[in-house]
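Q: This structure is in structure tokens; I'll ask about it shortly.
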Amino acid sequence: MKSGDKGYWSKPYWSHVIDKTIFTYSDNFVDNAGNLICVIDVDFSLEWMQQLLEQFKLIDEAVCVIYSSDGTVLTSSDKRTGHDTAHLTEDDWIVSRQTFEWIDIEMAIAVPQWHIWKNILWRILWSLIVLVLSILVIGVLIRRMLRDQQENARLETEKKVMDHELHIANGIQMGILRHDFPQDEDIMVYADLLPMREVGGDLYDFCRQGDFLWFIIGDVSGKGVPATMFMSAAVNLFRSALGHQTSPKAIMEEMNAVLSDNNPTLTFVTAFIGRLHIPSGQLLFCNAAHMPPLVKSSEHGVRSIHMVPNIPLGYEKTFKFVEEGCMLDMDEKLVLYTDGVTEARNTERKMMGEAKWLEIVAHDDALLEAVKRYIGEDEPTDDIT
């Protein structure tokens, strides 16, 4: 202690005072002239130092060793005094050393290389797993995108085919309807049909047989192609019955018998059939739950024809319809229409109703144009005839 200028670490020894293995660190203090003033000793228990080393360990497999200045092992984290790191080769261990000159000790921390490589391998493995999962997710997304594109292309193709078929169906439907309207001195006929979609379920037809004018207006339940098919059947049945029937009631009952037979979907048709004797103005008619016609005259304004409603066509094949009649005066106009007119809605979603319709009939001759003006920019909510 007198000759050296460094502190001194003792080897571990047993202390009978505290009954523990301890180390002692001694250091001398001298004055400016080099004269020894005192020696200070500090005792450290082996147990405390081992607990301290445990706090420095990064992982359980690591080894921490403290040396004195002369290379004496003071303590080790594996609790085996004298355990040294000299035998820990760089091939198997990664050793880091740190010298604390102010207390004249050295600390060595050794970590097995397999642990480092294990972490690296785990990171690589997780990276590979994430990469594979990412590739799988990207593959699934690409496959789904391709499938969606194929599905969209298929739907687009089907839509084009359907639009083409509906366009053809519209041409067929409009071709079924008559457009050669009589504009004779004794009778004038005009009709128009505005389907809600490409095709619809409204129908009309007329036929002049000498002094008689036969006519029908109808509305099939439902929309689209099924309604159009039923509408075509109704028009053809009406034309067929004109060849051998002589009254609206007989025609109505013949049409009802056919349409009611084998009708699992319970599709029905509201219809109004009339036979006008042109020289006398006698109107014989039969109604099948359709909208009552209006009569417009310059003398009496607009009035509705009251009648027995009966039932729609297609429900009960043996139903007996009631036939009625009335007289029309010279220059009176008979206005027949479907419920797509009175149930038309404007841009404020307000329904036209019968009162507004009567007002239009009373003051306007271009009826369909007046209905279109009421609807505005919105699409019709039903077929209009």
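The values are calculated or read from the model by the stated rules, or taken from the named source; none is laboratory data. Here the structure is a predicted model, which means the values were calculated and not measured. No Cβ is skipped: glycine too gets one built from the backbone with ideal geometry, and neighbour counts run over all protein chains shown. Accessible surface areas use protein heavy atoms only, side chains included; no ligands, DNA or RNA. Shrake-Rupley method; radii C 1.70, N 1.55, O 1.52, S 1.80 Å.
Q: Starting from the Cα coordinates of the chain, work out the convex hull volume and express it per residue in Å³. Walk me through the numbers on the way to the answer.
A: Values: hull volume 132.4 nm³, N = 385.
It is 344 Å³ per residue.
Q: Another one. Could you let me know the centre-to-centre spacing of the stretch 299-329 and the stretch 332-385, using Cα atoms, in angstrom?
A: After rounding, the separation between the Cα centres reads 22 Å.
Q: I would also like to ask the following. Give me the distance between the Cα centres of the stretch 231-270 and the stretch 183-202, rounded to whole Å.
A: First find each Cα centre; the distance between them is then 20 Å.
Q: How far apart, in nanometres, would the label points at residue 324 and residue 15 be if each is projected 7 angstrom from Cα along the Cα-to-Cβ direction?
A: 12.3 nm
Q: Can you tell me the dipole magnitude for the chain around its Cα centre, using point charges on the Cβ only (Lys, Arg +1; Asp, Glu -1), in Debye to the nearest 20?
A: Details: 34 positive and 58 negative charges, 152 e Å.
My answer is approximately 720 debye.
Q: Sticking with this structure for a sec: Determine the share of the chain's accessible area contributed by carbon and sulfur atoms, expressed in whole percent, with a 1.4 angstrom probe.
A: On the way: 13130 of 23050 Å².
On the chain, the fraction of accessible area on carbon and sulfur atoms equals 57 percent.
Q: Remind me, relative contact order of the stretch 201-281 in percent, using alpha carbon pairs under 8 angstrom and six or more residues apart?
A: On the way: 101 pairs, mean separation 32.9, N = 81.
Value for the stretch 201-281: 41 percent.
Q: Any chance you could run the full-extension gain for residue 229 through residue 42? It's 0.36 nm times the residue separation minus the Cα-Cα distance, nm to one decimal. Numbers along the way, then the final one.
A: Numbers: separation 187, 0.36 × 187 = 67.32 nm, distance 10.99 nm.
Using 0.36 nm per residue and subtracting the Cα-Cα distance, I get 56.3 nm.
Q: Based solely on C-alpha atoms, express the radius of gyration and the Dmax of the stretch 245-308 in angstrom.
A: Computed over the Cα atoms of the stretch 245-308, radius of gyration and Dmax are 14.7, 49 Å.
Q: Same structure, new question: Pick from 250, 108, 191: which residue has the top mean-square fluctuation in a GNM of the chain where Cα pairs under 10 Å get a spring?
A: Of 250, 108, 191, the Gaussian network model singles out 108 as fluctuating most.
Q: Sort the following peptides by mean Cβ neighbour count (other Cβ atoms within 10 Å, averaged over residues), highest first: 9-17, 364-372, 213-221, 35-43. If you can, show how the numbers build up before the last one.
A: On the way: 9-17: 13.3, 364-372: 15.0, 213-221: 23.7, 35-43: 10.7.
Packing proxy ranking, top to bottom: 213-221, 364-372, 9-17, 35-43.
Q: Along the Cα→Cβ direction, 7 angstrom out, place labels at residue 362 and residue 183. What is the inter-label distance in nm?
A: If labels sit at residue 362 and residue 183, their model points lie 3.0 nm apart.
Q: In nm, give the distance between the simple-model label positions of residue 159 and residue 377, each being 7 Å from the Cα along the Cα-to-Cβ direction.
A: 2.2 nm
Q: Right, something else. Order 163, 261, 382, most accessible first, counting only protein heavy atoms with a 1.4 angstrom probe.
A: Numbers: 163 65, 261 90, 382 20 Å².
Largest accessible area first, the list is 261, 163, 382.
Q: Only residues of the stretch 364-385 count here: report those whose backbone N is under 19 Å from the spot 7 Å along Cα→Cβ of residue 172, or say none.
A: none
Q: Normalising by the residue count of the chain, find the relative contact order in percent from Cα pairs under 8 Å and 6+ residues apart. Provide the component values of the computation, followed by the final result.
A: Details: 624 pairs, mean separation 36.9, N = 385.
10 percent.
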